[in-house]
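This report concerns only the one structure given below.
Computed from the coordinates by the stated procedures, all read-outs in this text should not be read as laboratory data. Bear in mind that the values here come from a model prediction, so they are computed numbers and not experimental data. When we count neighbours, we look across all protein chains shown, and the Cβ atoms used for this are built from the backbone with ideal geometry, even at glycine.
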Amino acid sequence: MTDLTSLTIAEAREGLASKSFTSLELTDAHLAAIEAARSLNAFVLETPDQARAMARAVDAKIAKGEGGPLAGIPLGIKDLFATRDVRTTACSKILGNFVPPYESTVTSQLWRDGAVMLGKLNNDEFAMGSSNETSCFGPVVNPWRREGSNTTLVPGGSSGGSASAVAALLCMGATATDTGGSIRQPAAFTATVGVKPTYGRCSRWGIVAFASSLDQAGPIARTVRDSAILMRSMAGHDPKDTTSVDIGVPDYEAAIGKSVKGMKIGIPKEYRLDGMPAEIEKLWSEGAAWLKAAGAELVEVSLPHTKYALPAYYIVAPAEASSNLARYDGVRYGLRVPARSIGELYENTRAEGFGDEVRRRVMIGTYVLSAGYYDAYYLRAQKVRTLIKKDFEDCFAKGISAILTPATPSAAFGVGEKGGADPVEMYLNDIFTVTVNMAGLPGIAVPAGKDAQGLPLGLQLIGRPFDEETLFSLGEVVEQAAGRFTPPRWW
Amino acid sequence: MSVDAATVRRIAHLARIAVTEAEVPHLQGELNTMLAFVEQLSEVNIDGVEPMTSVTPMEMKKRQDVVNDGEIPDDIVRNAPETQNHFFLVPKVVE
């Protein structure tokens, strides 16, 4: 029998249905893989007992012909999703040993559909980071290495644990969240597929909040089809999230293999940056050629406010974060540093509990919202955001079905290599992805090739609001042309 | 715009994060780097542009103003660092 961990979700679904193996066998194979890959630091909490119990229960259901769309599929869950009776920390010291008495809507829908939870995955603290180096559990290691090198590389972030675990065959798919690129950038760094759905497509209820107008949950998987399978279970209206949109969830998988003939694909000239590595430029042209060969029409488009998306993001996101993170006060849950007065208790707890990056963002957010600076910074950024969104609307109004861009400005880099002296150096990782969050659009990152050092690179497709299906159809074309990439096992 | 040391201390207090004197110069440098980065927004013409306040064009949904949850005090306090009889404990606030 082939190694069960190398199957795709679609293949495992068939194997389970035809009784070639059980969910318990599939789950055990993944639990063993996780144990053997602890050096990657992808999981911050393994839940083997719960995984086996869930697998046994779902095996009984499959036997009775009652398995759901994800029956028996073992998944990893980003530690930003609240899981009932299972420690949830957002990888921050300030949440300490928080054990939620409730389950996030997205994960509850996965369990409803029969998925099995293997454990909780590492991420940047409160999802603030692009390298998974800000986690209080330490950095995640990318299973990919440069050819002929032992240098430890980051998997990207903030969903670094999700991307690393999926790439290293530790789970069949994973939940992730994306506020400025946190699904798509790590997917590109690890040759996995990452989907950031339209804002409002997946419920944010029960997900630790970072920036509420930008946060969106989505899947990371090994194929476009697998990501479509996961999306169908994760998406859907939830009365508990007022920004969740009340429209039906399509069968995303049906979009796989659908013809893209005649679709107009925009190539935004503003994404061609000065000093962009030649291999990124080449990858982008190759992607365009694949779509053209599949019958799509390529059109140069202009998104004039692109360069302002990242600076506007670094006002809006920290502002919302400073407000959301005000709840961590050492009183109701999490860490508490004792003090003589309530004021000191707040200040000492937050000083001790927040890491450097989180503290930096809470402070800048506090500043841009403070009296006298609100108009100059926050209000201006919100107006620029309107312009960024309008750029896309104008483009789609001209009949453009989707926009093709590189996913990241570079391949994965080394641990400790970026952002040490200048935080903005790290922020530039999200230059191609952050526009999508600012406009609330869906985006997908698909592996498309490798750089000269053998590291994976990804392409991004940006879609119209609530038209994830077109992204799955186009993503499949890229995947068919580029092939799939698996890291050689060294861990 | 840039911030001075006194402003850094004021922001830290507003954010309720204790900052030592030794940390102030470093934080000041970081905050000023970020402010310099976002400064480029001042070149955008925003005359007559409405601020984006809702990502999806839809009316805010409202629920009925009724009690639909509750009677779960054990769940509410179960993660609290210090409690007594279903109350959160804090240092003395009123003398």
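Find the Cα radius of gyration of the range A:296-345, compare it with 2.2 N^0.38 Å by division, and give the number to two decimals. Don't skip to the answer; put the middle values down first.
Details: Rg = 21.0 Å, N = 50, 2.2 N^0.38 = 9.7 Å.
Relative to the rule-of-thumb radius for its length, the range A:296-345 sits at 2.16.
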Listed residue (A:TRP205, A:GLY180, A:MET234) projecting farthest to the positive dipole end of the range A:172-237, Cβ model:
A:MET234
List the relative contact order of chain B as a percent without decimals, with contacts defined as Cα pairs under 8 Å and 6+ residues apart.
19 percent
Within a 10 angstrom radius of the beta carbon, how do A:ARG52, A:ARG336 rank from fewest other beta carbons to most?
A:ARG52, A:ARG336
Of the listed peptides A:462-472, A:158-168, what is their order by residue-averaged count of other C-beta atoms within 10 Å, with the highest listed first?
A:158-168, A:462-472
Rounding to the nearest 20 debye, state how big the charge dipole of the range A:183-269 is about its Cα centre with +1 on each Lys and Arg Cβ and -1 on each Asp and Glu Cβ.
460 debye
Hey, how many Å between the Cα centroid of the range A:37-108 and the Cα centroid of the range B:38-65?
36 Å
Below 8 Å, C-alpha to C-alpha, sequence gap of six or more: please give me the relative contact order for the range A:115-258 in percent.
18 percent
Looking at this model, which pairs from A:LYS261/A:LYS390; A:LYS196/A:LYS240; A:LYS269/A:LYS292 are more than 22 angstrom apart at the alpha-carbon?
A:LYS261/A:LYS390
For A:PHE466, other-chain or 5+-apart residues with amide H closer than 5 Å (H placed, Pro excluded) are A:THR198
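Filter A:LYS93/B:LYS61; A:LYS398/B:LYS61; A:LYS307/A:LYS389 down to the pairs with a C-alpha to C-alpha distance above 23 Å, please.
Violating the 23 Å limit, Cα to Cα: A:LYS93/B:LYS61; A:LYS398/B:LYS61.
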Ignoring everything except DSSP H segments at least 4 long, calculate the 222 nm mean residue ellipticity for chain A; use -39,500 (n - 2.57) per segment, divide by total residues, nearest 500.
-11000 deg cm²/dmol
With labels modelled as points extended 7 Å from the Cα through the Cβ direction, what inter-label distance (nm, one decimal) is found for B:GLU39 paired with A:GLU344?
4.0 nm
Karplus ³J(HN,Hα) for the range A:340-352 (6.51 cos²θ - 1.76 cosθ + 1.60, θ = phi - 60°; Hz, whole; x = Gly/Pro) runs 6, 10, 5, x, 5, 4, 4, 5, 6, 4, 6, 5, 6
Taking the Cα atoms of chain B, report the difference between the largest and smallest coordinate on each principal axis, in whole Å and largest first.
54, 47, 25
Modelled label-to-label distance, B:VAL94 and B:SER54, 7 Å Cα→beta-carbon offset: nm?
4.1 nm
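What FRET efficiency comes out for B:GLU71 versus A:GLN453 if R0 is 41 angstrom and r is the Cβ-Cβ distance? Round to the nearest 0.05.
Details: r = 59 Å, r/R0 = 1.45.
Calculated transfer efficiency: 0.10.
So how strong a dipole does chain A carry about its Cα centre when Lys and Arg Cβ are +1 and Asp and Glu Cβ are -1, to the nearest 20 debye?
I would put it at about 360 debye.
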Amide H contacts under 5 Å for A:LEU298, placed H, 5+ residues apart
A:ILE265
Shape box of the range A:160-239 [Cα atoms, principal axes, largest first, Å]
35, 22, 18
Just name one of A:PRO100, A:PHE137, A:THR408: the one whose Cα is farthest towards the positive end of the charge dipole of the protein assembly as shown (beta-carbon charges, Lys/Arg +1, Asp/Glu -1).
A:PRO100
Other protein chain Cβ atoms within 10 Å, averaged over every residue that makes up A:361-370
6
Using alpha carbon coordinates only, what is the Rg to Rh ratio of the range A:122-258, with Rh defined as the Kirkwood radius?
1.00
Residue-ordered couplings for the range A:464-475, obtained by feeding phi - 60° into the Karplus form 6.51 cos²θ - 1.76 cosθ + 1.60 and rounding to whole Hz (Gly and Pro as x), are 5, x, 6, 10, 4, 4, 4, 5, 5, 4, 5, x
If amide H atoms are modeled at 1.01 Å from N in the peptide plane, then the residues at a separation of 5 or more from A:GLY173, or on another chain, having amide H under 5 Å from its own are A:GLY76
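Tell me, what does the Kirkwood hydrodynamic radius of the range A:300-409 come to in angstroms if you use every pair of distinct C-alpha atoms?
16.6 Å
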Average partner chain C-beta neighbours within 10 Å, per residue of B:46-54?
6
What value does chain A have for Rg/Rh, both radii from Cα atoms and Rh as Kirkwood defines it?
0.95
A:ALA421 to A:ARG272: extension gain in nm, 0.36 nm per residue of separation minus the Cα-Cα distance?
51.0 nm
One can check that the equivalent ellipsoid of the range A:10-56, built from the alpha-carbon gyration tensor with semi-axes equal to the square roots of five times its eigenvalues, has lengths in Å, largest first, of 23, 12, 8
For the range B:1-74, which GluC sites (Glu not before Pro) pass both filters: DSSP loop (anything but H, G, I, E, B) and at most 12 other C-beta atoms within 10 Å?
B:GLU59, B:GLU71
